[in-house]
1. Which ³J(HN,Hα) values, rounded to whole Hz and listed in residue order, are derived for the range 4-17 from phi using the Karplus coefficients 6.51, -1.76 and 1.60 in 6.51 cos²θ - 1.76 cosθ + 1.60 with θ = phi - 60°, glycine and proline given as x?
2. Between His9 and residues 5 or more places away or on another chain, which pairs have amide H atoms under 5 Å apart, with H built 1.01 Å from N, and which residues are they?
3. Amide H to amide H, which residues 5 or more places from His4 or on other chains are under 5 Å from it, using H placed in the peptide plane?
Amino acid sequence: IPRHVFFIHYYDALTNPLYLCAVESFLARNPGHRVIVYAKDAIDFERKLAHHFRNSASAVDRSAASGRTHAHATNEKTENANALRIVVRKVKFDEAFKHTPLQEWYASGRWKGATRPVLDLCDAMRLALLYSIGGTYLDLDVISLNRLDGVGRAMAAGDEGATNKNH
């Protein structure tokens, strides 16, 4: 299983700073992994991510979380390899679905008739990315408490109607 996790943020701007905690907690618990964030506004997400890490008291390696994402780090030959642990990419549905079983579905436009077309596209993009690049997908409201090592091939789902307040 590839040692990366990806998140998808498909809002016009990053308005909930708690989403950045998902990235931070994953990096802190999984030092051998990297994070790929697919964002509708990659520039805004990258800027807020860099600001978050500059002001964070996290134990995450500062070189890995300095806001120096792939685009910045590749321009510096002496950059610490850990700086490549965070990559922010713009969401491009056509590229995500290319060479996957969902390519024809996306190209046909059948998704346009859905009740929630953008949400359906993001759900399908998760599957397409798992198919094409592998790794692990996490929602941005998931805080990592443990390492992913040893999980192996697994799938989990949450039930929106279930709570654990009585446990």
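We did not get these values from a lab; they are worked out from the coordinates using the rules stated. Computed from a prediction, not measured in an experiment: that's the story for all the values here.
1. 9, 10, 10, 10, 10, 10, 10, 10, 4, 8, 7, 9, 10, x
2. Answer set, sorted by chain and number: Tyr38, Ala39, Lys40.
3. When sequence neighbours closer than 5 places are left aside, the close amide H contacts are Arg34, Thr136.
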